[in-house]
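S.K.: Would you mind keeping the following structure in view while I ask a few things?
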């Protein structure tokens with residue numbers, strides 16, 4: 001959860017291990033929504049330095065933040081849309097008004113408004129849930145607010161409703177979940193049975209006290225009552241199993257239960273009130289001091305097995321840790337263009353493509369791929385002298401009219417390529433969005449080794465992008481493909497291509 005820790009599985013209904021047998025050919029089980037956690041610490045927003053207690057960090061991102069947070073959110077919404085997930089569950093940690101600098105440096109719930117704005121700009125139907133990191137939003141923020149220091153000592157007193165001692169419901173509602181409902185409009189909330197979904201993280205003894213005797217249930221009921229009174233909704237609360245273990249009365253208030261995962265059990269599925277709630281992870285690595293935790297990603301095979309067991313195993317909803325979790329090498333974002341032993345990805349977009357295959361629309365009839373996201377490239381001219389978005393030598397420039405990026409400084413014979421691109425139907429008309437200020441510029445698209453026609457790009461100026469037709473391609477229905485854009489001669493910018 002972006003460095004917030006890992007929990008072992010709880011109740012006996014949890015299952016894990018080998019994936020179930022595949023469905024018979026032609027039979028597809030109904031899939032519930034698939035979502036990903038999304039940590040946004042100050043380090044993540046700023047693009048490093050990627051250090052976590054000496055742990056080796058493999059899953060560093062391709063994207064290089066440039067200090068403009070709108071660019072950060074736009075770029076990652078593009079990646080979430082590429083992954084085809086149903087929803088994103090940002091890891092929220094509240095907003096303390098008395099200490100805005102230190103207390104709100106990671107997981108500031110008010111920043112969800114920036115995520116919402118980026119989703120609106122993208123025009124996608126991506127939904128937003130939330131994963132409340134209770135140890136941080138309650139205990140750590142209470143200590144910052146009351147004692148001027150963070151951490152988990154003193155523990156949070158769940159029985160102290162009014163905050164006269166070491167508790168206070170304001171830390172879960174006023175300073176946290178209220179901001180979620182303020183920032184995320186009703187049409188953008190991930191729902192189950194028409195009710196907005198909120199995940200609650202652990203309420204374990206290491207960070208909390210006095211959880212039992214109905215106290216945890218009372219706090220959860222308070223959240224529901226406030227959401228109904230202020231926003232007219234009854235939130236669908238999915239709690240970590242620790243809530244029920246500490247206070248069995250929570251079973252009467254909670255709507256779902258989540259067991260998370262551990263090193264020997266990389267996915268779980270809990271049955272609660274007639275629904276199955278799943279959690280999983282693509283891989284995991286944290287080694288520091290005497291701690292050595294590892295789930296081998298196995299070139300993406302671990303992720304594929306975990307998703308087959310959860311999304312295709314009857315889960316009402318599946319949550320995956322964690323789209324930006326570089327701290328624990330569980331990230332699914334677009335990785336760097338580097339060998340597997342440095343990234344734990346076979347190619348930069350691998351995890352996005354695996355997610356796409358298990359999402360609600362694995363083979364879209366139409367999609368747009370951004371030029372700067374290429375998995376590989378050939379560069380005959382000068383390298384990237386001013387690296388933005390990526391730092392591997394492919395030149396990437398800003399495209400101000402659409403607040404994005406483009407491949408620039410191309411030379412004759414250059415190309416950019418994407419692996420395992422899912423295309424729906426049996427054919428596609430591929431178009432390119434390009435610009436140039438030079439006459440006679442030409443480009444060509446190659447799909448699975450089959451070249452399309454050489455296409456001329458009109459000279460209209462560098463910021464005047466034009467859509468050009470690059471050919472009609474046929475293929476086996478609903479399959480994945482290698483797509484390459486070749487620059488027959490240089491002097492072209494590539495913003496994106498569409499099918």
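The values are calculated or read from the model by the stated rules, or taken from the named source; none is laboratory data. Keep in mind that what you see is a predicted model, and the values were worked out from it rather than measured. Backbone-built Cβ (ideal geometry, glycine too); neighbour counts: all protein chains shown.
S.K.: Can you tell me how many residues in the range 274-285 are more than 17 Å from residue 314 (Cα to Cα) and crowded, with 22+ Cβ neighbours inside 10 Å?
M.R.: Step one: filter the range 274-285 for residues more than 17 Å from residue 314 (Cα to Cα), giving 281-285.
Now drop any that are not crowded, with 22+ Cβ neighbours inside 10 Å, which leaves 281-284.
Counting residues in the range 274-285 that are more than 17 Å from residue 314 (Cα to Cα) and crowded, with 22+ Cβ neighbours inside 10 Å gives 4.
S.K.: A further question on this structure: Kindly indicate whether residue 301 is within 23 Å of residue 79 (Cβ to Cβ), surrounded by fewer than 24 Cβ atoms within 10 Å (Cβ to Cβ) and touching a strand residue (DSSP E or B) at 6+ places or on another chain (Cβ under 9 Å). It would help to see each step written out before you state the result.
M.R.: Numbers: within 23 Å of residue 79 (Cβ to Cβ): yes; surrounded by fewer than 24 Cβ atoms within 10 Å (Cβ to Cβ): yes; touching a strand residue (DSSP E or B) at 6+ places or on another chain (Cβ under 9 Å): no.
For residue 301, the condition - within 23 Å of residue 79 (Cβ to Cβ), surrounded by fewer than 24 Cβ atoms within 10 Å (Cβ to Cβ) and touching a strand residue (DSSP E or B) at 6+ places or on another chain (Cβ under 9 Å) - is not met.
S.K.: Condition check: modelled with pLDDT of 95 or more and either surrounded by fewer than 14 Cβ atoms within 10 Å (Cβ to Cβ) or in a loop (DSSP other than H, G, I, E, B) (or both). Does residue 438 satisfy that? Even if it seems obvious, please write down each step before you answer.
M.R.: Numbers: modelled with pLDDT of 95 or more: yes; either surrounded by fewer than 14 Cβ atoms within 10 Å (Cβ to Cβ) or in a loop (DSSP other than H, G, I, E, B) (or both): yes.
It is true that residue 438 is modelled with pLDDT of 95 or more and either surrounded by fewer than 14 Cβ atoms within 10 Å (Cβ to Cβ) or in a loop (DSSP other than H, G, I, E, B) (or both).
Each row is one residue, and each column tells you yes or no for (1) in contact with a helix residue (DSSP H, G or I) (Cβ under 7 Å, 6 or more places away or on another chain); (2) more than 20 Å from residue 282 (Cβ to Cβ); (3) surrounded by fewer than 20 Cβ atoms within 10 Å (Cβ to Cβ).
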site	(1), (2), (3)
45	yes, yes, yes
48	no, yes, yes
52	no, no, yes
58	yes, no, no
62	no, no, no
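S.K.: Further question: Out of curiosity, is residue 76 surrounded by 21 or more Cβ atoms within 10 Å (Cβ to Cβ) and assigned to a loop (DSSP other than H, G, I, E, B)? Break it down into steps so the answer makes sense when it comes.
M.R.: Details: surrounded by 21 or more Cβ atoms within 10 Å (Cβ to Cβ): yes; assigned to a loop (DSSP other than H, G, I, E, B): no.
So residue 76 does not fit the description; no.
S.K.: Which is crowded, with 17+ Cβ neighbours inside 10 Å, assigned to a helix (DSSP H, G or I) and on the phi < 0 side of the Ramachandran plot, of 203, 244?
M.R.: Details: 203 fails: assigned to a helix (DSSP H, G or I).
None of the other options fit; the residue is 244.
S.K.: Considering only the range 206-217, state which residues are buried (at least 18 other Cβ atoms within 10 Å of the Cβ) and out of contact with any strand residue (DSSP E or B) (no Cβ under 7 Å at 6 or more places or on another chain).
M.R.: Of everything in the range 206-217, those that are buried (at least 18 other Cβ atoms within 10 Å of the Cβ) and out of contact with any strand residue (DSSP E or B) (no Cβ under 7 Å at 6 or more places or on another chain) turn out to be 211, 215, 216, 217.
S.K.: OK, next. Given the condition farther than 30 Å from residue 368 by Cβ and either without any contact (Cβ under 8 Å) to a residue 12 or more places away in the chain or buried (at least 18 other Cβ atoms within 10 Å of the Cβ) (or both), answer yes or no: does some residue in the range 123-133 qualify?
M.R.: Applying the first criterion (farther than 30 Å from residue 368 by Cβ) to the range 123-133 yields 132-133.
Still in the running and either without any contact (Cβ under 8 Å) to a residue 12 or more places away in the chain or buried (at least 18 other Cβ atoms within 10 Å of the Cβ) (or both): 132-133.
Yes.
S.K.: What are the pairs, 6+ residues apart or on separate chains, where a residue within the range 105-122 that is at pLDDT below 95 has its Cβ under 7 Å from a residue that is surrounded by fewer than 18 Cβ atoms within 10 Å (Cβ to Cβ) and in a helix (DSSP H, G or I)?
M.R.: Between residues of the range 105-122 that are at pLDDT below 95 and residues that are surrounded by fewer than 18 Cβ atoms within 10 Å (Cβ to Cβ) and in a helix (DSSP H, G or I), the close pairs are 105/42; 106/42.
S.K.: Hey, can you tell me all the residues within the range 474-487 that are out of contact with any helix residue (DSSP H, G or I) (no Cβ under 9 Å at 6 or more places or on another chain) and over 12 Å from residue 434 (Cβ atoms)?
M.R.: Taking the range 474-487 first, the residues out of contact with any helix residue (DSSP H, G or I) (no Cβ under 9 Å at 6 or more places or on another chain) are 474-479, 481-484, 486-487.
Of everything in the range 474-487, those that are out of contact with any helix residue (DSSP H, G or I) (no Cβ under 9 Å at 6 or more places or on another chain) and over 12 Å from residue 434 (Cβ atoms) turn out to be 474, 475, 476, 477, 478, 479, 481, 482, 483, 484, 486.
S.K.: Can you name the condition, by its number, that residue 231 falls short on among (1) over 26 Å from the mean Cα position of the chain (by Cα); (2) surrounded by 24 or more Cβ atoms within 10 Å (Cβ to Cβ); (3) more than 17 Å from residue 156 (Cβ to Cβ)?
M.R.: So the condition that residue 231 fails would be (2).
S.K.: Here are some conditions: (1) in the same structural domain as residue 46 (by TED's automatic domain parsing); (2) surrounded by fewer than 22 Cβ atoms within 10 Å (Cβ to Cβ); (3) closer than 28 Å to residue 451 by Cα. Residue 341 meets all but one. Which one does it not meet?
M.R.: Condition not satisfied by residue 341: (3).
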